[in-house]
Amino acid sequence: MTIDSKFQFSDLSDQELLYGAKTCPGCAATIAVRLALKVLGERTFVCVPACCLAATTNAYPQVSFAVNYVVTAFPATASTIAGMAAAAEMQGLEDVTILGIAGDGGTADIGLQALSGVCERNDNVIYLCYDNEAYMNTGIQRSSSTPWGAWTTTSPAGEGERGKTKYRKNLFDIIAAHRVPYCATASVAYPMDLMEKVAKAKAIKGARFIHVHAPCPTGWGYSSEKTIEYGKLAVESGLWYLAEYENGEMKLNLTPKTFKPAELYLKGQRRFRHMTEQDYKLIEENRDREWDLLKERVKA
Amino acid sequence: MTKTQKGKGRFLSGNEAAAEAVRLCGPQVIAAYPITPQTTLMEKLSEFVAAGEMSAPCKLLLVESEHSAMAAVMGAAMMGSRVFTATSSQGLLYMCEMLNYVSGSRFPVVMANANRGTATPWTIFGDQRDSFAMRDSGWIQFYVESGQEALDTILQAYRIAELPDVMLPVMVNIDGFTLPHTYDLVQVPEQKAVDAFLPAFKTFNKLSLEAPKCMSFAYGPDYHLESRCLQQKVFDEAVGVIERVDEEFYGLFGRRYHGLADTYRCEDAELVLAVTGSAAGTTRVVVDKLRAEGKKVGLIKVRCLRPFPAKFFASLNSPQNSCKVLGVLDRNISFGLEGGLYTDAKASMYRPGAKINTLGFVAGLGGHDVSKADIEVMFGKLANLAEGKPEEEHQFIGMRWA
Amino acid sequence: MKPRLIRDFHFPARPEELAFGVCTDAGVLTTANSGWRVFRPVLDASKCIRCLFCWVYCPDGVIGKEEKDLTIDYDYCKGCGVCAHECPKKAISMVKEGE
């Protein structure tokens with residue numbers, strides 16, 4: 001499984017525009033952001049709401065972003081960047097990127113209304129969601145992006161409890177339904193694909209959305225060196241997919257010929273350790289249904 | 001008026017007068033969401049923007065909520081744009097989180113709030129429970145008496161907000177429905193005069209491609225208390241600025257509002273009623289009537305709730321001051337205590353051996369009219385207290401049953 | 001070029017030096033992350049083929065590729081071990097701090 005890319009690691013800048021963050025060791029959110037900024041460059045204005053990334057990248061006088069960086073309220077990433085983009089347009093700022101970066105809670109839950117507004121108005125912004133599949137900043141509470149069956153502190157697993165009882169919200173579909181010019185999913189484990197998508201987004205005007213799968217050692221319960229390993233396993237087992245929506249058409253960037261067993265992805269993570277063979281089976285059945293739908297849409 | 005009023009007289013509603021002010025000030029970005037009774041203000045601005053009638057190019061963001069409206073104008077302010085928004089009631093409450101973001105990072109956002117009660121009980125009618133609930137949000141708060149004052153105060157608000165010594169957001173409160181929807185003769189200033197009063201917006205407190213900045217960042221426990229102390233000092237600074245800007249405004253436009261608090265026939269007044277907003281007009285009429293009857297009554301119009309005219313209220317309590325009983329009319333209430341203005345006025349006047357007696361009146365909630373008769377009742381109660389007759393300290397006035 | 005820890009940063013000493021609320025400079029690092037580390041990545045340059053997987057996957061971007069051999073900024077490496085885990089040539093080993 002490889003993805004064609006015009007990016008060569010060796011050609012990329014060694015400069016880091018996000019550096020010295022106080023994120024947990026092995027954090028995927030910072031991988032997503034530092035790689036995105038390598039593509040977007042210094043003329044980027046970053047806006048982050050209350051979330052892991054904000055909490056770990058500014059505490060006066062330390063500021064880990066080397067580009068313009070503002071913090072906003074939890075529900076307000078999209079609305080704040082809408083205002084920034086409006087001002088940039090009115091001031092005639094050329095060749096700048098207004099970039100919102102928020103977690104899954106700030107995007108799929110409390111920030112969804114403002115994000116929908118941005119997509120409907122087609123404001124000239126890029127919105128990057130790093131999805132670690134729960135409210136990690138407050139200490140691992142379930143979000144609408146937490147997968148079925150996952151333990152969190154608010155979806156406990158134990159006697160009579162089986163983790164989260166609902167399936168995750170499909171953010172990609174929600175954003176694509178706004179008919180935005182560009183929308184994609186990505187994973188930190190596929191950096192070429194991620195950077196290609198950021199580059200593509202950069203070249204387009206209007207509301208652009210990239211949903212990045214970002215494994216979290218602290219919240220998921222695996223040792224910190226395995227962040228990329230779990231990112232790959234999620235894609236290889238079909239539990240995360242790499243897709244794009246552009247010009248009204250959906251495209252899959254990577255279609256595994258056969259899926260790796262879900263168990264390979266699930267069993268090493270503390271949040272899934274209560275799961276039984278039956279749970280693995282249910283997850284795979286649901287995965288197959290989702291993929292059938294996906295493939296039909298790509299065909300059509 | 002000692003000077004000729006400059007400008008063109010037009011019949012405008014309070015909302016239209018406010019919209020004219022915004023047109024003249026030329027914000028670069030406006031974001032707003034409709035809510036009664038603010039809606040016609042936003043509609044008027046939409047017309048101005050669509051027709052290219054704003055004094056400077058303007059982008060209007062039609063956001064999906066008030067929370068987003070305030071976040072969007074904050075985002076634009078971060079880039080160094082002059083901005084405007086307007087709301088009312090539930091919308092203001094919905095913005096609450098963003099009000100604190102905006103003030104704590106010193107963005108000179110100007111907002112008009114068409115005062116309206118807050119649910120529940122559900123109401124679309126006027127009182128000031130919305131803005132009084134936002135007293136602690138770090139905004140300068142003005143209350144206006146007329147459409148003319150709404151227009152003039154918005155002009156002053158931009159001037160005050162954008163001065164480097166201040167850099168605070170300003171909320172201009174316009175009593176709904178009384179002011180936004182009633183028509184009156186309003187002098188609309190010439191653009192040239194406004195430009196002379198309000199220079200183009202320049203700030204160092206913005207993002208920069210040359211030297212990238214961080215805004216709305218965290219102060220940890222090591223600097224947080226210190227930063228809040230500085231925030232309080234900025235409000236102290238703003239007191240003098242508000243007075244000075246009003247004087248400057250008078251020099252250019254021939255109208256003035258006397259800083260934080262104005263008085264009417266208070267020189268030798270023994271019974272004084274303090275009010276906010278549109279109730280000042282009614283009270284003036286009653287003061288004139290009672291004065292004609294030989295009663296020594298006066299009016300205090302509290303124009304600015306934050307910063308609070310604390311020194312002014314303290315001065316009422318000096319031996320030289322004629323005031324014997326101060327009544328405070330609140331179109332708001334903090335349940336479990338009393339009206340908010342009453343609390344602040346009493347606290348400002350307090351000192352050992354205080355000579356002044358006080359009464360707190362709550363009236364005009366949820367569109368309940370504050371009539372001349374109600375104001376007369378209030379003065380009557382102040383007189384009772386002055387004569388040593390008992391009066392409850394906190395009273396609701398104007399209820400359908402006495 | 002990576003951002004650097006400013007070891008002699010002048011912290012506000014008087015109220016006048018602390019501005020209330022206004023913008024502050026971006027890209028200012030006054031504290032290191034080295035104290036978080038239990039294991040330290042050590043590169044054996046003789047085994048390195050410069051595939052740069054460690055460089056691209058490093059959550060903190062502490063691996064530098066501007067020198068002949070890859071470098072590691074130990075001020076900001078947290079010792080997560082992603083680099084060693086992803087290295088196809090096992091050129092990076094995780095060594096316990098203090099050993």
| remark: Among GluC sites (Glu not before Pro) in region A:118-186, those in a DSSP loop whose Cβ has at most 10 other Cβ atoms within 10 Å are A:GLU159
| query | At a 1.4 Å probe, what is the % contribution of carbon and sulfur to the accessible area of region B:8-253? | reply | 56
| On a 0 to 90 degree scale, rounded to 10, what angle separates helix B:224-253 from the longest Cα axis of chain B? | 80
| said: Nearest 500 deg cm²/dmol is fine: what mean residue ellipticity at 222 nm does chain A get from its DSSP H runs of n ≥ 4 alone, each adding -39,500 (n - 2.57), divided by its residue count? | reply: -10000 deg cm²/dmol
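Considering only protein heavy atoms, with the full assembly of protein chains and a 1.4 angstrom probe, order A:ASP292, C:ASP73 by accessible area, largest first. The partial results should precede the final answer.
Details: A:ASP292 95, C:ASP73 25 Å².
If we order A:ASP292, C:ASP73 from most to least accessible, we get A:ASP292, C:ASP73.
Can you give the calculated 222 nm mean residue ellipticity of chain B, where each DSSP H run of n ≥ 4 adds -39,500 (n - 2.57) and the sum is split over every residue, rounded to the nearest 500 deg cm²/dmol?
-12500 deg cm²/dmol
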| task | Find the sum over both chains of the accessible area lost when B and C are paired, probe 1.4 Å, and report it in Å² to the nearest 100. | result | 1400
| request: State, as an integer percentage, the relative contact order of chain C based on alpha-carbon contacts under 8 Å between residues 6 or more apart. | output: 34
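What do you reckon, how do A:THR57, B:THR282 stack up by accessible area (1.4 Å probe), largest on top?
Result of the area sort, largest leading: B:THR282, A:THR57.
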| Using alpha-carbon coordinates, inclination of helix B:147-162 to the longest axis of chain B, degrees | 60
| said: Using a 1.4 angstrom probe on the protein heavy atoms only, could you order A:THR153, C:THR24 from most to least accessible area? | reply: A:THR153, C:THR24
| Accessible surface of C:ASP8 in the full protein assembly, 1.4 angstrom probe, to the nearest 10 Å²? | 130
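Among residues other than A:ALA189 whose Cβ falls under 10 Å from its Cβ, what is the net charge (Lys/Arg +1, Asp/Glu -1)?
It works out to a net charge of -3.
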| Within the accessible area of region B:347-402, what % is carbon and sulfur when the probe is 1.4 Å and the other protein chains stay in place? | 54
| Summed buried accessible surface, chains A and C, 1.4 Å probe, nearest 100 Å² | 3200
| task | Take the alpha-carbon centre of region B:266-282, take the same for region A:199-213, and report the distance between them in whole Å. | result | 59
| task | May I ask you to give the percent of accessible area on region A:15-299 that is carbon plus sulfur, with a probe radius of 1.4 Å? | result | 51
| Most mobile of B:GLU392, B:GLU190, B:GLU210 per a Gaussian network model of chain B (Cα springs, under 10 Å)? | B:GLU210
| field | Accessible area that becomes buried as A packs against B, both chains, 1.4 Å probe, Å², nearest 100 | value | 2800
| Other chains near A:217-228: what is the mean number of their Cβ atoms within 10 Å of each residue's Cβ? | 4
| How many times 2.2 N^0.38 Å is the alpha carbon radius of gyration of region C:33-96? | 0.98
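Tell me, what is the per residue accessible area of the protein assembly as shown in Å², probe radius 1.4 Å? Don't skip to the answer; put the middle values down first.
Details: 31280 Å² over 801 residues.
Per-residue value: 39 Å².
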| Do any GluC sites (Glu not before Pro) in region A:222-264 lie in a loop, going by DSSP, with at most 10 other beta-carbon atoms within 10 Å of their beta carbon, and if so which? | none
| said: I'd like the accessible area for A:ASP11: 1.4 Å probe, protein heavy atoms, all chains in place, Å² to the nearest 10. | reply: 120
| message | Could you tell me which residue out of B:ASN15, A:PRO61, C:VAL95 lies farthest along the dipole of the protein assembly as shown toward its positive end? Charges go on the beta carbon: Lys and Arg +1, Asp and Glu -1, centred on the Cα centre. | response | C:VAL95
| Here are some pairs, A:LYS202/B:LYS59; A:LYS260/C:LYS2; A:LYS251/C:LYS65; A:LYS169/A:LYS281; A:LYS202/A:LYS257; A:LYS197/A:LYS232; which of them have Cα atoms lying more than 28 Å apart in this structure? | A:LYS260/C:LYS2; A:LYS251/C:LYS65; A:LYS202/A:LYS257
| Charge sum, other residues only, whose C-beta stays under 12 Å from B:ARG23's C-beta, Lys/Arg counted +1 and Asp/Glu -1 | -3
| note | Mean separation of Cα contacts under 8 Å (at least 6 apart) over the residue count of region B:296-402, i.e. the relative contact order in percent, is 27
| query | Regarding region B:261-396, what are the three Cα extents along the principal axes, ordered largest first, in Å? | reply | 38, 36, 29
| message | Report the Cα centroid-to-centroid distance between region B:188-232 and region A:93-163 in angstrom, as an integer. | response | 31
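The values are calculated or read from the model by the stated rules, or taken from the named source; none is laboratory data. These figures come from a predicted structure and were not determined experimentally. Neighbour counts are summed over all protein chains in view; Cβ atoms, including those assigned to glycine, are modelled from backbone coordinates with ideal geometry. We work out accessible area using only protein heavy atoms, side chains counted, and drop any ligands, DNA or RNA first. Shrake-Rupley method; radii C 1.70, N 1.55, O 1.52, S 1.80 Å.
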